[in-house]
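Step one of this worksheet: look at the structure below.
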Amino acid sequence: MREKLGLGDGRKSDGAVGFKAIPKKSLHFASSRFRESLMEISMLTQENSLSNFVDNQEDIEILFTSMSPSVVEFFQNSFNKTRFTKSVKNLDWKLGDTLKVIGQDNSVITQELADKCINEGKPEAEEAEDI
Amino acid sequence: MNLLFEKRQDRYDYGGVDFYISGMLFRTFSEIDLNELLQVCVSLKKRMPKIDQETIVCTFEGHTIFSIFQEHIAVYEQILSQLKDQEFENEQDGNGDDAENSFLRRLYRVLNMPVDDWRQSARAIREQQ
C-alpha cells in the first residue's frame, strides 16, 4: 500500500539509499568490490578526495574496518590537486618536516597561505635565517 | 533530456541532375546510449563488451551508468579496466593553461552527481519480505 501511495517500500533506510552520489552509497553496499572499483576510477581524476566517499565518522569507520590495497592507495591519493595547488612551487619547509596536511573548505590556496599553514601561522620557517 | 540531431544528406547524380536524399534515420543520442545500455544488460550473463566512452559519462534521466548498474560489479570492473588501459593527455583550457583532460573532468562530475534510488517493483519487494 505504501508503495502505491508513493511513500516508499517501508524498508528501513540505510546509507545506501537516498539522493546521494554513488561513491557515498557504495560505502554501504554489501560487496566492497563496488567501492574499490569506484575508488580506482576516481583516482584517475585530479579532484578526487576523501570527502567524495565519506560524510561522517561512521563512513570512515567502514573504510578502516575493510582495508584493502585499493583503500590504502586511495588514502594516499585522496587529496585535491587543482591549478591553485599546482601554482605553489617552493614551500618554506621546517627542518625535518616532509608531510603536512592542510585542511580547508576550499581548493584555492596561495603560496603565502601555504607557507603560513606549514609554519604554524608564521610567514616563513624559523630556521630559514640559520640556513 | 537534450536532443541532438545531425542532419546529413547524401548527393546522388541522376542523369546529370543532383538529388539530395536524406539517408539517415534521425535518432537522439540518448536513444543510442540507451540502446547500448540495453546491449550491456543483455550481455551481463555473457562476456562484457567494450562500453563506449561517451556512454560512461552520459546521464539518463538523472541517472548515470554507475547508478543504473549499481548491482552489477562486472560493469564497474569493465569501465575500470577500459579507463586504465587508456592514456588521457592534458588539454589546454580557455586561457591556454594546461588543464586536466576534459573526459576525466566530466567523469569526475558524473561520479559525484547525486542520484536517486531505483524504484523497486511491488513483486520484488514481496519476494524480499
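Nothing in this text is a laboratory measurement; each read-out follows from the coordinates by a stated rule. Not measured: the values here are computed from a predicted model. Here Cβ is always computed from backbone atoms with ideal geometry, including for glycine, and neighbour counts include all displayed protein chains.
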- [ ] Give the order of A:K20, A:K89 when sorted by the count of other beta carbons within 10 angstrom, beginning with the fewest.
- [x] A:K89, A:K20
Task: Pairs from A:K24/B:K46; A:K20/A:K116; A:K20/B:K46; A:K81/B:K84; A:K24/A:K116 whose Cα-Cα separation, in the structure shown, is over 27 Å - done: A:K24/B:K46; A:K20/A:K116; A:K20/B:K46; A:K24/A:K116
Open item on the list: Just to be sure I understand the curve: with the Debye formula and one point per C-alpha of the range B:29-115, what is log10 I(q)/I(0) at q = 0.27 Å⁻¹?
Closed with: -1.48
Open item on the list: Let's test the formula: R0 of 25 Å, r as the Cβ-Cβ distance of A:T98 and B:E77. What FRET efficiency results, to the nearest 0.05?
Closed with: 0.10
Task: Residue order, fewest to most beta carbons within 10 Å, for A:F34, A:F19 - done: A:F19, A:F34
Task: Counted charge near B:V115, where neighbours are those whose Cβ lies closer than 9 Å (Asp, Glu -1; Lys, Arg +1) - done: 0
TODO: Order by neighbour count: B:T59, A:T65, A:T110, fewest other Cβ atoms within 10 Å first, most last.
DONE: A:T65, A:T110, B:T59
